[in-house]
Amino acid sequence: GEDVEQSLFLSVREGDSSVINCTYTDSSSTYLYWYKQEPGAGLQLLTYIFSNMDMKQDQRLTVLLNKKDKHLSLRIADTQTGDSAIYFCAVPLTGGYQKVTFGTGTKLQVIP
Amino acid sequence: NAGVTQTPKFRILKIGQSMTLQCTQDMNHNYMYWYRQDPGMGLKLIYYSVGAGITDKGEVPNGYNVSRSTTEDFPLRLELAAPSQTSVYFCASSSRETREVTYEQYFGPGTRLTVT
(Lines give C-alpha, C1' and ligand atoms only; values in the text may rest on other atoms or scores of the structure.)
Protein backbone atom coordinates (compact mmCIF):
# COMPACT_ATOMS: atom_id res chain seq x y z
CA GLY A 1 0.00 0.00 0.00
CA GLU A 2 0.83 3.64 -0.13
CA ASP A 3 2.97 5.14 2.64
CA VAL A 4 2.59 8.87 3.21
CA GLU A 5 4.85 10.46 5.82
CA GLN A 6 4.78 13.87 7.46
CA SER A 7 6.45 15.39 10.47
CA LEU A 8 4.03 15.63 13.37
CA PHE A 9 4.57 19.16 14.58
CA LEU A 10 5.68 22.59 13.35
CA SER A 11 5.84 25.82 15.31
CA VAL A 12 6.28 29.22 13.64
CA ARG A 13 5.94 32.87 14.62
CA GLU A 14 3.12 34.94 13.22
CA GLY A 15 4.20 36.62 9.98
CA ASP A 16 6.86 34.01 9.17
CA SER A 17 6.54 31.40 6.42
CA SER A 18 5.57 27.83 7.23
CA VAL A 19 6.71 24.85 5.19
CA ILE A 20 5.00 21.50 5.69
CA ASN A 21 6.58 18.50 4.01
CA CYS A 22 5.21 15.18 2.82
CA THR A 23 6.84 12.13 1.24
CA TYR A 24 5.00 9.30 -0.48
CA THR A 25 5.84 6.00 -2.10
CA ASP A 26 3.47 5.54 -5.06
CA SER A 27 4.54 7.41 -8.19
CA SER A 28 1.41 6.84 -10.26
CA SER A 29 -0.69 9.49 -8.53
CA THR A 30 -2.18 12.23 -10.69
CA TYR A 31 -3.75 14.57 -8.14
CA LEU A 32 -2.10 15.21 -4.78
CA TYR A 33 -4.05 17.04 -2.12
CA TRP A 34 -3.58 19.14 0.98
CA TYR A 35 -6.38 19.10 3.55
CA LYS A 36 -6.73 21.31 6.62
CA GLN A 37 -8.36 20.27 9.89
CA GLU A 38 -9.28 22.98 12.37
CA PRO A 39 -9.80 22.02 16.03
CA GLY A 40 -12.93 19.95 16.59
CA ALA A 41 -13.83 19.83 12.90
CA GLY A 42 -13.58 17.54 9.92
CA LEU A 43 -11.04 17.92 7.13
CA GLN A 44 -11.50 20.44 4.35
CA LEU A 45 -9.67 20.56 1.02
CA LEU A 46 -7.13 23.40 1.11
CA THR A 47 -5.42 23.03 -2.24
CA TYR A 48 -4.19 20.41 -4.69
CA ILE A 49 -1.67 19.93 -7.47
CA PHE A 50 -1.78 17.90 -10.64
CA SER A 51 1.20 15.62 -11.12
CA ASN A 52 2.35 17.26 -14.35
CA MET A 53 3.00 20.48 -12.42
CA ASP A 54 6.06 21.37 -10.35
CA MET A 55 4.48 24.27 -8.54
CA LYS A 56 1.10 25.77 -7.87
CA GLN A 57 0.45 29.12 -6.20
CA ASP A 58 -2.86 30.10 -4.65
CA GLN A 59 -2.73 33.41 -2.75
CA ARG A 60 -0.60 32.72 0.37
CA LEU A 61 -0.24 29.04 -0.46
CA THR A 62 2.48 27.51 -2.62
CA VAL A 63 2.56 23.79 -3.38
CA LEU A 64 5.80 22.27 -4.64
CA LEU A 65 5.99 18.80 -6.15
CA ASN A 66 9.20 16.86 -6.76
CA LYS A 67 8.07 13.70 -8.51
CA LYS A 68 11.56 12.24 -8.76
CA ASP A 69 11.99 12.36 -4.97
CA LYS A 70 8.25 11.77 -4.31
CA HIS A 71 8.17 14.86 -2.15
CA LEU A 72 5.32 17.31 -1.74
CA SER A 73 5.44 20.53 0.26
CA LEU A 74 3.01 23.23 1.31
CA ARG A 75 4.32 26.71 1.98
CA ILE A 76 2.13 29.23 3.79
CA ALA A 77 3.38 32.80 3.46
CA ASP A 78 2.78 35.39 6.21
CA THR A 79 1.41 32.75 8.57
CA GLN A 80 -1.47 33.94 10.73
CA THR A 81 -2.87 32.61 14.02
CA GLY A 82 -5.92 31.45 12.05
CA ASP A 83 -3.65 29.06 10.16
CA SER A 84 -3.15 27.01 13.33
CA ALA A 85 -4.53 23.59 12.41
CA ILE A 86 -3.50 20.10 11.37
CA TYR A 87 -2.48 19.76 7.73
CA PHE A 88 -2.74 16.46 5.89
CA CYS A 89 -1.33 15.54 2.53
CA ALA A 90 -3.36 12.93 0.66
CA VAL A 91 -2.29 10.73 -2.23
CA PRO A 92 -4.66 8.62 -4.36
CA LEU A 93 -4.08 4.89 -4.30
CA THR A 94 -2.82 3.19 -7.43
CA GLY A 95 -5.52 2.40 -9.92
CA GLY A 96 -8.20 4.71 -8.64
CA TYR A 97 -8.78 8.22 -7.43
CA GLN A 98 -11.74 7.43 -5.25
CA LYS A 99 -9.53 6.21 -2.41
CA VAL A 100 -6.67 8.18 -0.97
CA THR A 101 -4.08 7.58 1.69
CA PHE A 102 -3.74 10.40 4.17
CA GLY A 103 -0.47 11.33 5.78
CA THR A 104 -0.08 11.34 9.53
CA GLY A 105 -0.83 15.07 9.66
CA THR A 106 1.34 18.01 10.73
CA LYS A 107 0.08 20.16 13.57
CA LEU A 108 0.97 23.78 12.87
CA GLN A 109 1.21 26.05 15.89
CA VAL A 110 1.42 29.79 15.17
CA ILE A 111 2.91 31.85 17.99
CA PRO A 112 1.64 35.47 18.17
CA ASN B 1 -26.95 22.06 1.24
CA ALA B 2 -26.09 20.71 4.69
CA GLY B 3 -23.19 18.70 3.21
CA VAL B 4 -22.17 15.67 5.28
CA THR B 5 -23.86 15.28 8.65
CA GLN B 6 -22.95 12.81 11.39
CA THR B 7 -24.71 11.78 14.57
CA PRO B 8 -24.06 11.58 17.43
CA LYS B 9 -21.25 14.07 18.12
CA PHE B 10 -20.11 12.26 21.25
CA ARG B 11 -20.78 8.83 22.71
CA ILE B 12 -19.47 6.75 25.60
CA LEU B 13 -19.92 2.99 25.29
CA LYS B 14 -19.24 0.16 27.69
CA ILE B 15 -17.15 -2.77 26.47
CA GLY B 16 -19.35 -5.21 24.55
CA GLN B 17 -22.11 -2.74 23.73
CA SER B 18 -23.21 -2.03 20.17
CA MET B 19 -24.01 1.18 18.37
CA THR B 20 -24.53 2.69 14.94
CA LEU B 21 -22.85 5.88 13.79
CA GLN B 22 -25.06 7.70 11.33
CA CYS B 23 -23.84 9.54 8.22
CA THR B 24 -25.93 11.37 5.64
CA GLN B 25 -24.96 13.51 2.66
CA ASP B 26 -27.23 15.65 0.52
CA MET B 27 -24.87 16.28 -2.42
CA ASN B 28 -25.86 13.18 -4.42
CA HIS B 29 -22.29 11.88 -4.16
CA ASN B 30 -21.76 8.30 -5.22
CA TYR B 31 -18.66 7.65 -3.10
CA MET B 32 -18.79 7.54 0.69
CA TYR B 33 -16.15 6.67 3.27
CA TRP B 34 -15.64 5.98 6.95
CA TYR B 35 -12.34 6.89 8.60
CA ARG B 36 -11.03 6.74 12.11
CA GLN B 37 -8.54 9.26 13.42
CA ASP B 38 -6.14 8.45 16.22
CA PRO B 39 -3.54 10.92 17.53
CA GLY B 40 -0.36 10.93 15.44
CA MET B 41 -1.76 8.24 13.13
CA GLY B 42 -3.58 10.26 10.52
CA LEU B 43 -6.78 8.89 9.07
CA LYS B 44 -7.31 5.20 8.47
CA LEU B 45 -9.99 4.03 6.04
CA ILE B 46 -12.44 1.60 7.62
CA TYR B 47 -14.97 1.00 4.83
CA TYR B 48 -16.01 2.74 1.66
CA SER B 49 -18.84 2.58 -0.84
CA VAL B 50 -18.91 3.42 -4.55
CA GLY B 51 -22.70 3.52 -4.72
CA ALA B 52 -25.91 2.23 -3.20
CA GLY B 53 -25.67 -1.48 -2.50
CA ILE B 54 -21.89 -1.64 -2.96
CA THR B 55 -19.43 -1.55 -0.07
CA ASP B 56 -15.84 -2.65 0.39
CA LYS B 57 -13.28 -2.96 3.16
CA GLY B 58 -10.63 -0.38 3.75
CA GLU B 59 -7.45 -0.63 5.76
CA VAL B 60 -8.92 -1.32 9.23
CA PRO B 61 -12.36 -3.00 8.86
CA ASN B 62 -12.21 -5.47 11.76
CA GLY B 63 -14.91 -4.88 14.37
CA TYR B 64 -17.07 -2.76 12.05
CA ASN B 65 -19.85 -3.26 9.52
CA VAL B 66 -21.50 -0.96 7.01
CA SER B 67 -24.48 -0.88 4.68
CA ARG B 68 -25.48 1.46 1.85
CA SER B 69 -29.15 1.08 1.02
CA THR B 70 -29.52 4.62 -0.34
CA THR B 71 -27.23 7.16 -2.00
CA GLU B 72 -27.59 9.50 0.96
CA ASP B 73 -26.92 7.25 3.96
CA PHE B 74 -23.88 5.23 5.01
CA PRO B 75 -24.17 4.01 8.63
CA LEU B 76 -21.25 2.39 10.47
CA ARG B 77 -22.06 -0.37 12.93
CA LEU B 78 -19.93 -1.41 15.92
CA GLU B 79 -21.17 -4.79 17.17
CA LEU B 80 -19.04 -5.52 20.24
CA ALA B 81 -17.30 -2.35 21.33
CA ALA B 82 -13.69 -2.67 22.50
CA PRO B 83 -11.36 -0.06 24.06
CA SER B 84 -9.26 -0.17 20.85
CA GLN B 85 -12.23 1.40 19.05
CA THR B 86 -11.92 4.58 21.10
CA SER B 87 -11.32 7.15 18.39
CA VAL B 88 -12.78 10.00 16.38
CA TYR B 89 -14.79 8.76 13.40
CA PHE B 90 -15.25 10.76 10.23
CA CYS B 91 -17.60 10.15 7.37
CA ALA B 92 -16.80 11.65 3.97
CA SER B 93 -18.24 11.69 0.48
CA SER B 94 -16.96 12.50 -2.99
CA SER B 95 -17.97 12.62 -6.60
CA ARG B 96 -16.14 12.69 -9.91
CA GLU B 97 -17.92 15.91 -10.78
CA THR B 98 -16.92 17.87 -7.64
CA ARG B 99 -15.83 21.31 -8.84
CA GLU B 100 -12.76 20.89 -11.02
CA VAL B 101 -10.98 18.64 -8.57
CA THR B 102 -11.48 14.96 -9.13
CA TYR B 103 -12.68 13.14 -6.05
CA GLU B 104 -12.31 15.96 -3.53
CA GLN B 105 -13.64 14.52 -0.30
CA TYR B 106 -16.17 16.38 1.85
CA PHE B 107 -16.03 15.51 5.53
CA GLY B 108 -18.58 15.48 8.30
CA PRO B 109 -17.81 17.05 11.71
CA GLY B 110 -16.92 13.71 13.31
CA THR B 111 -18.12 11.50 16.15
CA ARG B 112 -15.93 11.19 19.24
CA LEU B 113 -16.36 7.69 20.67
CA THR B 114 -14.99 6.44 23.98
CA VAL B 115 -15.20 2.77 24.95
CA THR B 116 -14.60 2.02 28.63
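The values are calculated or read from the model by the stated rules, or taken from the named source; none is laboratory data. Worth saying up front: this structure is predicted, and the values here are computed from it rather than measured. Here Cβ is always computed from backbone atoms with ideal geometry, including for glycine, and neighbour counts include all displayed protein chains.
Across segment B:27-56, the number of residues qualifying as farther than 23 Å from B:Thr70 by Cβ and loosely packed, with under 12 Cβ neighbours inside 10 Å comes to 2. Going by the structure shown, is A:Tyr87 surrounded by 14 or more Cβ atoms within 10 Å (Cβ to Cβ), within 14 Å of chain B (Cβ to nearest Cβ) and touching a Lys or Arg at 6+ places or on another chain (Cβ under 8 Å)? It is true that A:Tyr87 is surrounded by 14 or more Cβ atoms within 10 Å (Cβ to Cβ), within 14 Å of chain B (Cβ to nearest Cβ) and touching a Lys or Arg at 6+ places or on another chain (Cβ under 8 Å). Across segment B:61-83, the qualifying residues are those that are more than 11 Å from B:Tyr47 (Cβ to Cβ) and charged (D, E, K, R), and the one among them that is surrounded by the fewest Cβ atoms within 10 Å (Cβ to Cβ) is B:Glu79. Of the residues making up segment A:93-103, those that are in contact with an Asp or Glu (Cβ under 8 Å, 6 or more places away or on another chain) and surrounded by 21 or more Cβ atoms within 10 Å (Cβ to Cβ) number 2. The sole residue among B:Thr20, B:Thr111, B:Thr24, B:Thr86 that is touching a residue at least 24 places away in the same chain (Cβ under 8 Å), surrounded by fewer than 17 Cβ atoms within 10 Å (Cβ to Cβ) and within 11 Å of the chain's Cα centre (by Cα) is B:Thr20. Under the condition of being more than 23 Å from B:Thr114 (Cα to Cα) and at the interface with chain A (Cβ under 8 Å from one of its Cβ atoms), the residues counted in segment B:50-69 number 1. If you filter segment A:41-64 down to residues that are facing chain B (nearest Cβ under 8 Å) and not in a strand (DSSP E or B), you find that the one that is nearest to B:Ser94 (Cα to Cα) is A:Gly42.
Looking only at segment B:73-100, count every residue that is under 26 Å from A:Thr47 (Cα atoms), more than 10 Å from every other protein chain (Cβ to nearest Cβ) and part of a loop (DSSP other than H, G, I, E, B) and tell me the total. Let's see the steps before the verdict.
Filtering segment B:73-100 down to residues under 26 Å from A:Thr47 (Cα atoms) leaves B:88-100.
Checking which are more than 10 Å from every other protein chain (Cβ to nearest Cβ) leaves us with B:89, B:93, B:97.
Still in the running and part of a loop (DSSP other than H, G, I, E, B): B:97.
Residues in segment B:73-100 being under 26 Å from A:Thr47 (Cα atoms), more than 10 Å from every other protein chain (Cβ to nearest Cβ) and part of a loop (DSSP other than H, G, I, E, B): 1 in total.
I'm checking my understanding of the structure. Among residues of segment B:25-49 that are at the interface with another protein chain (Cβ under 8 Å from one of its Cβ atoms) and modelled with pLDDT under 90, which one is nearest to B:Pro75 (Cα to Cα)? Here the answer is B:Gly42.
What residue, among those in segment A:12-24 that are in contact with a Ser or Thr (Cβ under 9 Å, 6 or more places away or on another chain) and among the hydroxyl-bearing types (Ser, Thr, Tyr), is nearest to B:Ser93 (Cα to Cα)? Give the derivation first.
Kept after step one, since they are in contact with a Ser or Thr (Cβ under 9 Å, 6 or more places away or on another chain), are these residues of segment A:12-24: A:12-22, A:24.
If we keep only those that are among the hydroxyl-bearing types (Ser, Thr, Tyr) as well, we get A:17-18, A:24.
Values: A:Ser17: 32, A:Ser18: 30, A:Tyr24: 23 Å.
Of everything passing the filter in segment A:12-24, A:Tyr24 is nearest to B:Ser93 (Cα to Cα).
Only one of the listed residues (B:Leu78, B:Leu43) is among the hydrophobic types (A, V, I, L, M, F, W, C) and in contact with a helix residue (DSSP H, G or I) (Cβ under 7 Å, 6 or more places away or on another chain). That residue is B:Leu78.
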